[in-house]
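Below is one structure; the comments refer to it alone.
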């Protein structure tokens with residue numbers, strides 16, 4: 001039996017040493033772990049980068065990544081290797097909990113002159129923060145006069161750009177409840193656009209959760225679902241501590257269906273539902289000053 005040659009412009013999977021080096025850079029840059037059997041995945045996701053750069057093999061690509069001039073490309077590599085899977089109203093039980101328990105007291109506080117801050121961390125192309133925004137707007141016809149904002153961040157600038165555009169394939173909006181779709185979605189030019197006021201609640205920013213966070217925190221709700229599952233344990237533990245520090249007393253953290261805070265996690269967050277957690281109201285003197 002003979003093997004077919006690679007097609008023009010195609011690349012063989014990285015060898016074991018190259019895969020180990022790519023894995024190291026990904027772990028150091030974003031806390032993400034890829035296993036030894038992921039050579040084909042790396043090949044499929046980095047082939048476009050090699051073609052764009054005019055490089056013929058992974059050895060040349062790694063040589064670039066390990067130079068000062070390769071800093072921008074390291075960011076592009078992290079984006080290419082990040083998994084971007086999201087849906088509107090994914091894990092709907094979280095949105096039911098948001099509607100029934102989490103948002104009513106926050107809206108009452110906003111109507112009394114307070115502010116509400118929500119963070120969708122690892123937002124991909126924006127379906128999650130816009131789902132949150134639709135629930136908020138449905139609960140509050142007076143949303144325009146309230147100080148409520150949703151921050152949506154992702155490591156991939158291509159994803160945040162899609163989120164800002166707020167245009168989606170019609171098939172992707174099928175999970176949106178009919179009543180909300182009628183109010184907050186507009187069909188045009190074979191696409192669906194998120195409308196005001198839901199769209200205006202969300203601001204998109206590029207952010208690597210593994211690096212410094214420029215925002216000052218003081219969040220009432222943080223969604224970070226199906227993100228930490230790709231991190232190694234030390235990176236996860238660091239993330240739990242940082243989320244706790246970013247939450248206001250009584251704040252909520254929502255994780256993905258495959259994620260749990262372990263019993264020995266270095267955090268005061270307590271279970272508050274299915275993969276949802278809450279910071280106790282009682283203060284310890286270490287809360288974020290932005291909550292005051």
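Peptides 241-254, 63-76, 212-225, ordered by how many other C-beta atoms sit within 10 Å of their residues on average, highest first, read 241-254, 212-225, 63-76. Placing pseudo-labels 7 Å out from each Cα toward the beta carbon at residue 45 and residue 186 gives an inter-label distance of 3.5 nm. By the Stokes-Einstein formula, at 0.890 mPa s and 25 °C, the chain with its Kirkwood radius over alpha-carbon pairs has D equal to 119 µm²/s.
Rounded to the nearest 10 degrees, what's the angle between the helix 233-246 long axis and the longest principal axis of the chain, both from Cα atoms, 0 to 90? Helix 233-246 and the main axis of the chain meet at about 30 degrees. From the alpha carbon centroid of the range 164-190 to that of the range 255-284 is 32 Å.
You can think of it this way: the chain between residue 171 and residue 263 has 29.2 nm of extra reach, that is 0.36 nm per residue less the Cα-Cα gap. In whole Å, what is the distance between the alpha-carbon centres of the range 193-235 and the range 76-104? Comparing the Cα centres of the range 193-235 and the range 76-104, I get a distance of 10 Å. Quick one: angle between helix 16-30 and the longest Cα principal axis of the chain, in degrees between 0 and 90, rounded to 10, please. Its long axis makes an angle of about 20 degrees. Can you give me the angle between helix 127-139 and the longest principal axis of the chain, using Cα atoms only, in degrees from 0 to 90, rounded to the nearest 10? Once rounded, one gets 10 degrees.
Can you pull the one-decimal nm distance between simple spin-label points at residue 84 and residue 203, each 7 Å off the Cα toward Cβ? Placing both labels 7 Å beyond Cα along the Cβ direction yields 2.2 nm.
Show that you can apply the helix-only estimate: for the chain, add -39,500 (n - 2.57) for every DSSP H stretch of four or more residues, divide by all residues, and state [θ] at 222 nm to the nearest 500.
Computed ellipticity for the chain at 222 nm equals -11000 deg cm²/dmol.
Taking the square roots of 5 times each eigenvalue of the Cα gyration tensor of the range 97-199, largest first, gives ellipsoid semi-axes of 24, 16, 11 Å. Between residue 15 and residue 147, the distance separating the two model label sites (each 7 Å from Cα on the Cα→Cβ line) works out to 6.1 nm.
Report the normalised scattering of the range 16-81 as log10 I(q)/I(0) at q = 0.15, 0.16, 0.23 Å⁻¹, calculated by the Debye formula with identical scatterers on the alpha carbons. Listed by q, the Debye log ratios stand at -0.40, -0.46, -1.02.
Every number in this text was worked out from the coordinates using simple rules, so none of it is lab data. Bear in mind that the values here come from a model prediction, so they are computed numbers and not experimental data. Cβ sites come from the backbone with ideal geometry, for glycine too, and all protein chains shown count toward neighbours.
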